[in-house]
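The values are calculated or read from the model by the stated rules, or taken from the named source; none is laboratory data. Treat the numbers as computed from the prediction; the structure is a model and nothing was measured. All Cβ positions, even for glycine, are placed from backbone atoms using ideal geometry, and neighbour counts span all protein chains on display.
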Amino acid sequence: MPMDKPQHEELGGDGHPKNSTEKKHKKKSKSKDKCKERERGSHPDDDISESSRKKSKKEKKKKSKDKKRKLKTLDDDLKSPKKKKRKSSKQDSHNGTSNELTKLEKKGDHFPFEYQHIVAPMVGASELAFRLLCRKYGATLSYTPMMSSSQFVKDAEAASLTNSGTNTNGATIANSNICEFQTIPQDRPLVAHFSANDPEQFAQAAKLVENVADAVDLNLGCPQRTAHLGHFGSYLLGDDDRELVLKIVRAGSKAVSIPIFVKIRLMDTVEETIKLCHQLRDAGASLIAIHGRYRATWERTSAGARDGPALLDQVALVKKSMPDDFPIISNGNVIDYDDVVENKKLTGADGIMSAEGILNNPALYLPRLGSSNDDGEREVQIPIPSPLKVNGGGSVPDKKKEKTMRKLQKKMREIETIEKKVKELGADSINDDQRSKLQAKSEVQTLLKWLENEVSKPSSKELPDLAITTQMTSMKLSELFKAANNKLVLAKEYISLVRSYPMKIRSVVFHVRRMCKDLLEQYQLMEECIASTSIDEVDVVLSKCERYMNDPDTFHYDRQKAAREKEALAAKRREEGKRKRYEGRMMRKAKREGLADLEHYLRIGAEVPTVEIVRQLKKAPQEERLAVWKKHHSQHCMSHHLEDGGCKRDRACAFLHAEARDKNKFVEDDEVAG
Ligand SMILES: Cc1cc2nc3c(=O)[nH]c(=O)nc-3n(C[C@H](O)[C@H](O)[C@H](O)COP(=O)(O)O)c2cc1C
């Protein structure tokens, strides 16, 4: 499919796509009026029913005139929003595009930011460094990974913040949730994405991020077992929880001045999805992102997952059913820019969100800026990322920072002593505990560097407003395309961002292996990449890749290694199949026994043993081994983990043969939400 025209060329003067704009202007629907009334804080139906009871016909007429006048004012207000103007002036320089382009691309009257090309919320993956990379290469809006609203509020309280939002900023929260919520002024517009099952907690969390995010999103899409256990995500989509969900949305939209978004999955029927979306909108949601796959239930076998085609026709029907000016975002199966264009055409959605696609290619949205041939000479404005410090306000009390810094300095000294020992007496001279301390060196170092920098700086109150001083640089579009076409360049850029904005090593490995999958496989470096325990090690892998690319003669194909990798992959697939069958058996058993909680048996013994537990149990007496195994790991094969030579039944064994957990392993299935 040919590359489509740059997005701004498709837009009418008001920023809407031409066709839909024309349609919108003709169609002044009742629902649109309702929407605008709702924006003002009251539902028109309330007004109408009130007036029909109390007022005379004449009064009604007067009211209708008033309403029309107010709507006109509101219409004007919305065209040049006052409440959100504060941010709008900053936003122009934050999108990584030229100001002119950004203005053209601002879509809809709702928000002073563009929401057409979106980085999806991703646990362990849509972190600051990755968001910045995607923004540079075309994304215009990003979601944070899912954060638990209750935990977020607890963490903020622990960091002795007030809930007023006045002295709360990203740097503060970054310190307590270091990997989940970091932000800088160039990381805008930003949607803070929360799981919640308590209206008050959601409202509090929203308040905490109000000054550093542009919208707050409620996760109603997570299908994971943890979501079922914790009663959040897509498990709140049933009828029983509808009132609770609406209360959460109402509480959020009442608490903050920024919009409340909701991310959902499809309900069992499209009518139900439509009903849900209308209810969410009436409760105060300003935008809904629809993941076009079914919500998860334990009975469902295949759908509810993240793979397989997204049901975009259903997204289209939902979009059609909503008022024209209510933004619907379509999510699912967008792998390249052609998909972006196709998806928009098919669904009529106001924006596109991508997860898997953008993980593989952070420059997925770049073609929206133009084509490298026709527009290559055009200069694009790109913000230069600033240090991890957010605009204005106080930050973590300096005492707390200093205390953490001292703790980390102590850790570093310990690590240096261990390193010395290894140097003098060899690697065997240290125990497992010391080894894991050594492995954490890079993370400790990065964090320490950041804290030392923070502590030595003058108080943030003395800093100028970073939003105003945001430094920009310009790049030719052709240069951006050149970099985007080389995944190694993207991965290296990502690594250098991670050095400034620390992230867990397993997420770093995850991103690099997604971005450079083909190269790592071609040069048999995947195993080495996955085993990396520090940023430096990942960097070494990338350098090897680069060397092989530049000088192919230096690479020699290793057949044994290839066979090992093939077997490891096959074993992983077998385990996945086994786990699914096990879950099915246990659910059927619970059903047969008439248990209300179908997951009862799934919860027993589900914990995957860690490397450390395996090491300890190997030394423990048989009785103790059995007791621990029965209590925590009974779904897993004891022989596989504890016996020399492993499990004799091997593939025929009914118990799980999952790999013991190492803290650096990114266990996708466990961590992925949505
Ligand atoms: C690594 C990963 C982590 C995810 N974490 C979240 C999350 O925190 N919250 C959420 O609502 N969805 C999450 N999702 C789901 C995505 O946001 C998205 O809805 C889903 O992957 C479908 O989009 P896609 O087809 O473009 O991948 C995650 C997906 C991936 C791949």
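Helices (runs of 4 or more DSSP H) fully within the stretch 549-649 that include at least 3 residues being more than 30 Å from the chain's Cα centre (by Cα): 559-592, 611-619, 622-632, 638-642.
Taken over the stretch 199-234, residues that are more than 20 Å from residue 598 (Cα to Cα) and either part of a loop (DSSP other than H, G, I, E, B) or within 11 Å of the ligand (Cβ to nearest atom) (or both) amount to 10.
Does residue 196 fit the bill of being closer than 16 Å to residue 286 by Cβ, touching a residue at least 24 places away in the same chain (Cβ under 8 Å) and hydrophobic (A, V, I, L, M, F, W, C)? Judged against the criteria, residue 196 is not a match.
Being out of contact with any Gly (no Cβ under 6 Å at 6 or more places or on another chain) and either closer than 25 Å to residue 488 by Cβ or within 12 Å of the ligand (Cβ to nearest atom) (or both): is that true of residue 336 here? So residue 336 fits the description; yes.
The selection criterion, being more than 16 Å from the ligand (Cβ to nearest atom) and closer than 24 Å to residue 372 by Cα, holds for residue 345.
Scanning the stretch 285-302 for residues that are more than 15 Å from the ligand (Cβ to nearest atom), in contact with a Phe, Trp or Tyr (Cβ under 9 Å, 6 or more places away or on another chain) and at pLDDT below 90 yields 297, 300. Taken over the stretch 118-135, residues that are more than 6 Å from the ligand (Cβ to nearest atom), among the β-branched types (Val, Ile, Thr) and within 8 Å of the chain's Cα centre (by Cα) amount to 1.
For (1) surrounded by fewer than 18 Cβ atoms within 10 Å (Cβ to Cβ); (2) polar (S, T, N, Q); (3) at pLDDT below 90; (4) within 19 Å of residue 496 (Cα to Cα), each residue gets a yes or a no:
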residue: 521; (1), (2), (3), (4): yes, no, no, no
residue: 536; (1), (2), (3), (4): yes, no, no, yes
residue: 546; (1), (2), (3), (4): yes, no, no, yes
residue: 550; (1), (2), (3), (4): yes, yes, no, no
residue: 553; (1), (2), (3), (4): yes, no, no, no
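When the stretch 351-385 is limited to residues that are free of Cβ contacts under 8 Å to residues at least 40 places away in the same chain and not acidic (Asp, Glu), the one that is nearest to the ligand (Cβ to nearest atom) turns out to be 357. Filtering the stretch 257-284 to residues that are under 17 Å from residue 198 (Cα atoms) and in contact (Cβ under 8 Å) with a residue 60 or more places away in the chain leaves 261, 263, 284.
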